[in-house]
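To start, the structure under review is shown below, and the notes come after it.
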């Protein structure tokens, strides 16, 4: 099992940061690798992402949602993964921790091998997305104080 565990500090209140993340339709605005997120049904989404020029589509199903604390999910399509986002209050803002888990075998591993992507490059994609989220939340909180 391969794992990515990244934490970023966001200078915005916990509730605002959480609400910004759970507003899935906005993710493509500030996460450069997320092209689209469609809501299929309550707790199920369809994602289109760009990983180093390759368009990937998958569906995800929520496993657990604890408002202002945790969102966890697993994929229900051929690109198998599961993950969670943890929101922790911190002095002056919120810590956002993203944990993603992938099986090195199966279609996910074959895909990464096929496009010749290294694990550090894949981690960099997540880091860019988190930086985009941080920038968006901090600037929108400073402008309005409400989820945009």
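Ranking 136, 18 by Cβ neighbours within 10 Å, fewest first, what do you get?
136, 18
Sorted ascending by nearby beta carbons within 10 Å, beginning with the fewest, 20, 91, 77 become 91, 77, 20.
Annotation: the residues 130, 27, sorted from fewest to most other C-beta atoms within 10 Å of their own C-beta, follow the order 130, 27. Each of residue 124 and residue 64 was given a label point 7 Å from its Cα along the Cα-to-Cβ line. The distance between the two points is 3.4 nm. The C-alpha radius of gyration of segment 2-143, expressed as a fraction of 2.2 N^0.38 Å, stands at 1.02.
Every read-out reported here was derived from the displayed coordinates using simple, explicitly stated rules and does not represent laboratory data. Note that the structure is predicted; figures quoted are calculated from it, not measured. In this analysis, Cβ positions are derived from the backbone assuming ideal geometry, glycine residues included, and neighbour counts consider all displayed protein chains.
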